[in-house]
Amino acid sequence: MREVDCIIVGGGLAGLQAAIQLGRYSAHQVLVIDAGEGRSTLCRTYHNILGFPDGVSGEELRERGRMQAERTGVSFEKDRIFKAERKGENIQLFGTSGSEYRCKTVLLATGLSDRVPDIPGLTPTLGRTVYVCPDCDGYEIQDQRTVLLGSGEPGANMAMILIQRTNDLLYINHEQAPISAELHRSMKEAGVRYLEAAVQEVQQIEDGHITGVLTEDGQIFESERGFIAFGGNRVHYELAEQLGAVIADNKHVEADPRSLQAANNVWIAGDLGLHAEQATVAMGEGSIAAIWIHKALQQMTKDSR
């Protein structure tokens, strides 16, 4: 049983920024438990982060963030936490490795997983020339020939956002899920081209640059950029629910808007919460949560005297 002051579950950008902030107080034992997955592992090039005008990959940010946190004394453990429960005043976490952990406070930065169908050629392009977030990467398709791969209404709604960036947009409803007549009409009026067809392959040149898509009927549609919007993304809310947090209808976790505290001695940061799903937002929330965790740990020390 490993015992520390604070455990951060999730080593993505929110968790790492929180670890750096907490480590710099030089007052707490902090452990980051990470399974090595998450959105930031997929993104090959973030272009909207301060200080990286030419872009930076999620993997590089994670490597730098871990090194920066470790320099302040933060520890890291590779594990997947599947269960959380309260043991008196403490919180106990259980990993799939068989290890158990105990802490006074916990920050959940478990995020979400995008639903990405197994289409050959798609994964190497994700985060390079095919994107998931219009707020983060809508700029990247400005006036570019763009193909949107999606499913039903989630894809149609994304198309209505993306058509504001380019007048050359094709939405391929890969799963041929239904779309309302109103959305069909809106897409047509906005100039979105629409096709119901299963995609057989995303075509690319080296280094993840999309050149087009091949549909199962043999048609090739050339493209310079791409987006995906299949809906059904999975929010990793279970640990928060086990510790008493309120879960919204969309499975994101509710928290105090100022401190990001979601339950007693439980904080959240990043895509787990109810906010815009952006890397920069996640990092900011990591810092905010860490500041309030520090305050809570200070108060616990005073109360114990």
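Take the stretch 268-301 and flag every residue that is assigned to a loop (DSSP other than H, G, I, E, B) and crowded, with 24+ Cβ neighbours inside 10 Å.
Matches in the stretch 268-301: A269, G270, D271, L272.
If the Cβ limit is 9 Å and pairs must be 6+ apart or interchain, which residue in the stretch 158-174 that is assigned to a loop (DSSP other than H, G, I, E, B) pairs with which residue that is open to solvent by 40 Å² or more (accessible area, probe 1.4 Å) and hydrophobic (A, V, I, L, M, F, W, C)?
Partner pairs satisfying both residue conditions: I163/A190; Q164/A190.
Select from the stretch 77-100 the residues that are polar (S, T, N, Q) and assigned to a strand (DSSP E or B) and write down the one among them that is farthest from the chain's Cα centre (by Cα).
For the stretch 77-100, the residue satisfying everything is N90.
Restricting attention to the stretch 148-186, which residues are of a type in the set (S, T, N, Q) and surrounded by fewer than 18 Cβ atoms within 10 Å (Cβ to Cβ)?
N157, Q164, T166, N167, Q176, S180, S186
Could you list, ordered by first residue, the pairs with Cβ atoms under 9 Å in which the first is in the stretch 123-145 and basic (K, R) and the second is in a helix (DSSP H, G or I), at least 6 apart or interchain?
R128/D207; R128/G208
With the condition kept exactly as written, say whether any residue in the stretch 48-60 is within 18 Å of T280 (Cα to Cα), of a type in the set (S, T, Y) and part of a helix (DSSP H, G or I).
No - not one qualifying residue is present in the stretch 48-60.
From the list K87, K83, pick out the single residue that is under 18 Å from K104 (Cα atoms), free of Cβ contacts under 8 Å to residues at least 40 places away in the same chain and open to solvent by 80 Å² or more (accessible area, probe 1.4 Å).
Within the list K87, K83, the selection yields K87.
Just give me the residues in the stretch 26-50 being at pLDDT 95 or above, loosely packed, with under 15 Cβ neighbours inside 10 Å and not aliphatic (A, V, I, L, M), in sequence order.
S26
Select from the stretch 101-147 the residues that are outside any helix (DSSP H, G or I) and of a type in the set (S, T, Y) and write down the one among them that is surrounded by the fewest Cβ atoms within 10 Å (Cβ to Cβ).
Only one residue tops the list, namely S113.
Name the residues in the stretch 187-222 that are loosely packed, with under 15 Cβ neighbours inside 10 Å and part of a helix (DSSP H, G or I), would you?
K188, E189, A190, E206, D207
Quick one: A269 ticks every box in (1) closer than 24 Å to L162 by Cβ; (2) at pLDDT 95 or above except a single one, so which number is it?
All conditions pass for A269, except number (1).
So that you can scan it fast, the table gives a plain yes or no per residue for (1) at pLDDT below 95; (2) over 17 Å from L148 (Cβ atoms):
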position	(1), (2)
Q176	no, no
S180	no, yes
L183	no, no
R193	no, no
A197	no, no
D207	yes, yes
T215	no, no
S223	no, no
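For the stretch 21-36, name all the residues that are over 16 Å from E100 (Cα atoms) and in contact (Cβ under 8 Å) with a residue 60 or more places away in the chain.
Across the stretch 21-36, the qualifying residues are Q21, L22, Y25, A27, H28.
Among the residues of the stretch 239-267, write down those that are in a loop (DSSP other than H, G, I, E, B) and either among the small types (G, A, S) or in contact with a helix residue (DSSP H, G or I) (Cβ under 7 Å, 6 or more places away or on another chain) (or both).
G244, A245, A248, A255, S259, L260, N265
The values are calculated or read from the model by the stated rules, or taken from the named source; none is laboratory data. A quick note: this is a predicted structure, and the numbers were derived from the prediction, not measured. Every residue, glycine among them, receives a Cβ derived from its backbone with ideal geometry; neighbour counts consider all protein chains shown. These area figures cover heavy atoms from the full protein model, side chains too; ligands, DNA and RNA do not enter into them. Shrake-Rupley method; radii C 1.70, N 1.55, O 1.52, S 1.80 Å.
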